[in-house]
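Peer 1: Structure in structure tokens, see below.
The values are calculated or read from the model by the stated rules, or taken from the named source; none is laboratory data. Fair warning: this is a prediction, and the values are worked out from it, not measured in the lab. When we count neighbours, we look across all protein chains shown, and the Cβ atoms used for this are built from the backbone with ideal geometry, even at glycine. When the accessible area is computed, the model is the full protein with side chains, heavy atoms only, and any ligands, DNA or RNA have been set aside. Shrake-Rupley method; radii C 1.70, N 1.55, O 1.52, S 1.80 Å.
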Amino acid sequence: MSDDAVDRAQRTLEEGISTDFSRAMSYGAYLDLDTLLSAQHPRSEPEQHDELLFIVQHQVAELWLKLLLHELHSARSLLAADELAPALKRLARVKHVQRQLVEQWDVLATLTPSEYAQIRPFLATSSGFQSHQYRAVEFLLGNKNADMVRVFEHDPTASAELTRLLEEPTLYDEFLRYLARHGYAVPAAVLDRDLTQPYRMDDDLVDVVAQVYAAPAEHWGVYETCEELVDIEDLFQQWRFRHLQVVSRVIGHKQGTGGSSGVDFLRRALDLTFFPELYAVRVHVE
């Protein structure tokens, strides 16, 4: 083989590339990969090939949920500080994270019913329903349910976080407070509502939002935020629907491992909404 052919077949290390990490920070050390990559512990006996897929799928989802919470908390704080532009940047990133969560269902959908049946007994009563990070995202977006906190009584840290979020304003609450501070006639009933309860639509607020949609150029920042929130809810519903479809495909109408009715329980979540006025306003737009 000629020297030119060898050069084309491999990429030699450049002189400045670091190779001695006895004292320097390496990629693996920065990301704590020893911990991350040793966190997969299949429970099946004998170990089933497809259990690693199931574990990695859900661990990756939890990492994305961690980032999602990080960005949502920041967006909420920025809205409270009247910093709309950087809040919109956070929401844009939230949508990209959501797309990753939606698309990764395609990987789990490669699991056939017979393959899942081989690992399901080893899940015992564990279920994605018990993800406190997922529940925290729902609480932050407005789907609050005090009964859900009872699922996490065994975990004081998760229980405390969810209780705190139950009592705090949602992302939407902070957006509506932002509107009120900037001269929009947000109804007092909305601003003074019981924050521990799920958000309910207010017809008077629909009229306020309709004014924004009637003249987008005059309310551009608010108009853009409304559409970003609609995108977020849309993507959340896509996630819920893909979850429903994958569960239906893999286990059919069997009871969920956590004790829920499974597919029927997931289907009812499709009726939940975070930002009802932003959908109700559509009938007012001409």
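Peer 1: Remind me, relative contact order of the chain in percent, using alpha carbon pairs under 8 angstrom and six or more residues apart?
Peer 2: 21 percent
Peer 1: 222 nm [θ] for the chain, helices only, -39500 (n - 2.57) per DSSP H run of 4+, per residue, to 500? Can you show the working numbers first?
Peer 2: Working: 16 runs with 173 residues, N = 286.
The helix-only estimate for the chain comes to -18000 deg cm²/dmol at 222 nm.
Peer 1: Subtracting the Cα-Cα distance from 0.36 nm times the residue separation, let me have the gained length for Asp234 to Leu123 in nm, one decimal. List each step's numbers first, then the result.
Peer 2: On the way: separation 111, 0.36 × 111 = 39.96 nm, distance 3.07 nm.
So the chain would gain 36.9 nm between Asp234 and Leu123.
Peer 1: About the Cα centre of segment 76-130, what is the dipole size in debye to 20, counting +1 per Lys and Arg Cβ and -1 per Asp and Glu Cβ, all else neutral?
Peer 2: Working: 7 positive and 5 negative charges, 36 e Å.
Around 180 debye, computed over segment 76-130.
Peer 1: How far apart, in nanometres, would the label points at Ala185 and Asp147 be if each is projected 7 angstrom from Cα along the Cα-to-Cβ direction?
Peer 2: Distance between label points: 3.8 nm.
Peer 1: Lys/Arg Cβ at +1, Asp/Glu Cβ at -1, dipole of the chain taken about the Cα centre: which of Leu171, Val137, Phe265 is farthest positive-ward?
Peer 2: Phe265
Peer 1: Per the Kirkwood treatment, what hydrodynamic radius in Å, one decimal, follows for segment 90-162 from the mean inverse distance over all distinct Cα pairs? It would help to have the intermediate numbers written out before the result.
Peer 2: Values: mean 1/r = 0.0680 Å⁻¹.
14.7 Å is the Kirkwood radius here.
Peer 1: About the Cα centre of segment 162-286, what is the dipole size in debye to 20, counting +1 per Lys and Arg Cβ and -1 per Asp and Glu Cβ, all else neutral?
Peer 2: Numbers: 12 positive and 21 negative charges, 183 e Å.
That gives segment 162-286 a dipole magnitude of about 880 debye.
Peer 1: Work out how much length Asp194 to Thr12 would gain on full extension: take 0.36 nm times their residue separation and subtract the Cα-Cα distance, in nm to one decimal.
Peer 2: 59.1 nm
Peer 1: What is the extension gain from Ala109 to His70, computed as 0.36 nm multiplied by their sequence separation minus the C-alpha to C-alpha distance, in nm to one decimal?
Peer 2: Values: separation 39, 0.36 × 39 = 14.04 nm, distance 2.79 nm.
The Ala109-His70 span can extend by a further 11.2 nm.
Peer 1: Projecting each Cα onto the charge dipole of the chain (Lys/Arg +1, Asp/Glu -1 at the beta carbon, about the Cα centre), which of Tyr199, Thr125, His154 comes out farthest on the positive side?
Peer 2: The residue sitting most towards the positive pole is Thr125.
Peer 1: Moving on. What is the packing order of peptides 80-90, 21-31, taking the mean over residues of other C-beta atoms within 10 Å and listing the highest first?
Peer 2: On the way: 80-90: 15.7, 21-31: 9.2.
The most tightly packed comes first, giving 80-90, 21-31.
Peer 1: Then there's this: Taking the solvent-accessible surface of protein heavy atoms with a 1.4 Å probe, what is the per residue accessible area of segment 39-147 in Å²?
Peer 2: Details: 5390 Å² over 109 residues.
On a per-residue basis, segment 39-147 sits at 49 Å².
Peer 1: Under a Cβ-only charge scheme (Lys and Arg +1, Asp and Glu -1), can you give me the dipole magnitude of the chain about the Cα centre, in debye to the nearest 20? Working shown, then result.
Peer 2: Working: 27 positive and 45 negative charges, 135 e Å.
The calculation lands at about 660 debye.
Peer 1: Related question: Apply the a/c threshold of 1.5 to the C-alpha gyration tensor of segment 1-84 and tell me whether it is rounded, prolate or oblate.
Peer 2: Working: a/c = 2.42, a/b = 1.34, b/c = 1.81.
Here segment 1-84 falls in the oblate category.
Peer 1: Also: For the chain, what % of the accessible area comes from carbon and sulfur atoms, probe 1.4 Å?
Peer 2: 52 percent
Peer 1: I would also like to ask the following. Quick one, which of (1) 13.4; (2) 23.3; (3) 19.4 is the actual mean projected area of the Cα convex hull in nm² calculated for this model?
Peer 2: (2)
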